[in-house]
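Engineer: Pasting in a structure now, in structure tokens, and then I'll have a few things to ask.
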Amino acid sequence: MNSHRYLSVAAASKWKKAGHLIATLQGNRTKARDAGADYKFVSTTNNESGATLFNFHSAHNRSHGSQTENSINDMSAILMESSVSRWLYRGRRIEDSNTFVVMGIPKRAESLALIINKVDDASCSDIFFGVDSLPKLVDYKNFMQSKDFEGMADDLEMIVDVLQILIKFCLTLPSDHELTFGTTDMAHLAANTKEVEEIKEVVARRQKLFREQCILDVVMEMLDNMSRLKIVRANSHTSSEDVKVIDKTINVVGKSCFWLIFCATFENSKNQMHIAEDLAVILAHVSTSTLATKCIVEMLGTNMELQEDKVDEREVSQFHS
């Protein structure tokens, strides 16, 4: 729908069937929004109620006659009605952001009209990589947060596979490519040819999806939890088996997390600025991870706006220390 073409989900929630609870409409961060690119949908964790299901109606053909009279085609304007006959309406702005609360109102005539666009098959396929991966990332993040070492151990190989699949997907690498976690993985993007530019357009689209689908946010939360696990590891009461799980999570899962962040921010200033909101998370690992350092160098070396707006003396001293 609109520019974002799909129902998005907050990192705290798992993907559910399309149509479940829509809680906020998020506008683009820039003040000057492109026409037709105003909003994306974000769901919340409370998506079990039947009242959160929506039906689509044509905004122009108001009759309740045949299906033809009320058909919804590509580029149709639509209205959304919940199962309890409340109509989608844009409510109050949340603080000073471009995010608005979604309200349900009883009057159809006052509801919010949206444009529905047909999505090409390639974009649909891309979107479902995130749809499938996000719940698994959220589960593992929750294991780390709750210090469920058994759950972490059981799902460790699976989550590494998920992260590496996402990395290859982002870079358009074949599924049988053996990741090197270095420049070899990006060798196919180096040439200055028309074919490479077309590949880079696909990479940029997939990087954008990682940001919009909250994949970057969840991976950053995983890295933040690894910093906390280091403290748990240092506790004398932590068992030797749990220490092994923590070490493997930090070293193996963390490696894939940082490489995903690097690939998702490579030559992508918007993703770099998004990650820079939590720059301290990456900085906390630079003393033990060369990939964390690589991420910082890539962002600071290519994004002047990030240097000016997101980095202060504290971050600089932390990086150099």
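Engineer: Please state the relative contact order of the range 112-209 as a whole percent: Cα pairs under 8 Å, 6+ residues apart?
Structural biologist: Value for the range 112-209: 23 percent.
Engineer: Using 1/(1 + (r/R0)^6) with R0 = 22 angstrom and r between the beta carbons of Q145 and E277, what's the FRET efficiency to the nearest 0.05?
Structural biologist: The calculated FRET efficiency here is 0.70.
Engineer: Mind checking the full-extension length gain between I105 and A122? Use 0.36 nm per residue of separation minus the Cα-Cα distance, one decimal, nm.
Structural biologist: Result: 2.5 nm gained on full extension.
Engineer: With a Förster radius of 30 Å, plug the Cβ-Cβ distance of V131 and A187 into 1/(1 + (r/R0)^6) and report the FRET value to the nearest 0.05.
Structural biologist: Computed FRET efficiency for V131 and A187 comes out at 0.50.
Engineer: Amide H to amide H under 5 Å from I78: which residues, 5+ apart in sequence or cross-chain, H placed 1.01 Å off N in plane?
Structural biologist: Under 5 Å from the amide H of I78: A59, L114, I115, I116.
Engineer: Continuing with this model, one more query. How big is the range 122-167 by the Kirkwood estimate over distinct Cα pairs, in Å?
Structural biologist: Hydrodynamic radius (Kirkwood, Cα only) of the range 122-167 equals 11.2 Å.
Engineer: Quick one: what are the phi-derived ³J(HN,Hα) couplings along the range 144-149, Karplus 6.51/-1.76/1.60 with θ = phi - 60°, whole Hz, x for glycine and proline?
Structural biologist: These are the phi-based 3J(HN,Hα) values: 5, 5, 8, 6, 8, 5 Hz.
Engineer: So what J values fall out for the range 254-265 if you push phi through Karplus, 6.51 cos²θ - 1.76 cosθ + 1.60 with θ = phi - 60°, rounded to Hz, Gly and Pro as x?
Structural biologist: x, 4, 5, 4, 5, 5, 5, 4, 4, 5, 6, 9
Engineer: Can I ask one more? Going highest first, how would you order 286-296, 254-264 by mean Cβ packing within 10 Å?
Structural biologist: 254-264, 286-296
Engineer: If eta is 1.002 mPa s and T is 20 °C, what Stokes-Einstein diffusion coefficient results for the range 108-188, Kirkwood Rh from Cα pairs, in µm²/s?
Structural biologist: So the translational diffusion coefficient is about 137 µm²/s.
Engineer: Assigning unit charges at the beta carbon (Lys, Arg +1; Asp, Glu -1) and nothing else, what dipole magnitude in debye, to the nearest 20, does the range 166-321 show about its Cα centre?
Structural biologist: 380
Engineer: Could I ask something else about it? At E157 and D96, where each label point lies 7 Å from the Cα along Cα→Cβ, what is the point-to-point distance in nanometres?
Structural biologist: It is 5.2 nm.
Engineer: Please compute the modelled spin-label separation between E178 and E241, points set 7 Å along Cα→Cβ, answer in nm with one decimal.
Structural biologist: 3.3
Engineer: What shape does the range 166-280 take by its C-alpha gyration tensor, where a ≥ b ≥ c are the square roots of the eigenvalues and a/c under 1.5 counts as rounded, a/b above b/c as prolate, and the rest as oblate?
Structural biologist: Prolate is the answer for the range 166-280, as a/c is 1.5 or above and a/b outweighs b/c.
Engineer: For G91, enumerate residues with amide H under 5 Å from its amide H, sequence gap 5+ or separate chain, H modeled in the peptide plane.
Structural biologist: Distant-sequence amide H within range of G91: V101, V102, M103.
Engineer: Which translational diffusion coefficient, to the nearest whole µm²/s, is obtained for the range 121-320 from the Stokes-Einstein equation, given a Kirkwood hydrodynamic radius over C-alpha pairs, 20 °C and 1.002 mPa s?
Structural biologist: 122
Read the figures in this text as sums done on the coordinates, not as results from a lab. The model shown is predicted, which means the values in this text are computed figures rather than measured ones. FYI the Cβ positions are ideal-geometry reconstructions off the backbone, even for glycines, and counts take in every protein chain you see.
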